[in-house]
Amino acid sequence: MWAWALLPISLTIWATAGIWVVYAMSVANGSVNVTEGFPYISTCGSYPPQSCIFGQVLNVGALLVVWICIIRFQQIRDYGCHSHVNSVGLAMGFLCALGTSMVGNFQQSNQVETHLTGAFLAFVIGIVYFWIQTYLTYRVKPRHGGCWIGVVRFMLTVSATASFILIIAFVIKEMKSAAAVCEWILAMIIFILFGLFCIDFWHLQGHFFHVKKRSLAIPNEVQASTVTLGL
């Protein structure tokens, strides 16, 4: 069902548009001064009223990330890949979503330690998640999108990793504007990587949630029942 491809596309559009709206608002109301240097994403979202929009954008984005990661996890399992790497990838995806929500809810100007922890989970763990997805792309058959999907996912993940390394290097050298530019580039790459799942989700026929009753150790008792709810 092609409609499932709209889920990762929606995340990419929502997150990209959201943070650039926050940037535009922060510049317009003077919360940041671009003549003094290019601002970090978090700096743009630190002050009201754009901080409210920033938090809502990232909270909704985190919810979409969780949904996408669950579907991708199950899709890989349904293709016969029961590797523990897939389970680790799901956990990394959840942590990435948690970090995204933390970044939005704990602004840099209020809770810098919690904010930085969230940024670490969102960016670093997010990069780890996509390295795992790159590995699974070559591991799982069928590989939707042909031979190019693995190459594109690999190149984007390499670019994300390089961007993060540059952020660290520029921060150490106190080149804040350059570090901020790399942060924006890293965020855009991660959004694109999530959006790339539309190629894989295009081939989904449906998505179901299974609820199983616990079997009871009582003679002649019904052992289990399964209810399938179409989502």
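None of the figures in this text is laboratory data; all of them are computed from the coordinates on show. Because the structure is a prediction, the values reported are computed rather than measured. Note that each Cβ is placed from the backbone with ideal geometry, even for glycine, and that neighbours are counted across all protein chains shown.
Ranked by the mean number of other Cβ atoms within 10 Å of their residues, highest first, the peptides 29-40, 191-202 come out as 191-202, 29-40. Its DSSP H runs of at least 4 residues, each contributing -39,500 (n - 2.57), put the calculated 222 nm mean residue ellipticity of the chain at -22000 deg cm²/dmol, to the nearest 500. Rounded to the nearest 10 degrees, what's the angle between the helix 6-28 long axis and the longest principal axis of the chain, both from Cα atoms, 0 to 90? The angle comes out near 20 degrees.
Direction-averaged projected area, Cα convex hull, the chain: 15.4 nm², rounded to one decimal. Applying the Karplus relation 6.51 cos²θ - 1.76 cosθ + 1.60 with θ = phi - 60° to region 97-109 yields 3J(HN,Hα) values of 5, 4, x, 4, 5, 5, 4, x, 8, 10, 5, 4, 6 Hz, where x marks Gly and Pro. Taking a ≥ b ≥ c as the square roots of the eigenvalues of the Cα gyration tensor, region 1-135 is classed as prolate, since a/c reaches at least 1.5 and a/b is larger than b/c. For helix 148-172, what angle does its Cα long axis make with the longest principal axis of the chain, in degrees from 0 to 90 and rounded to 10? Rounded to the nearest ten degrees, it is 40. Counting pairwise Cα distances across region 72-189, what percent come out greater than 16 angstrom? The answer is 65 percent, as a whole percent. Relative contact order of the chain, taken over Cα pairs closer than 8 Å and 6 or more residues apart, is 25 percent.
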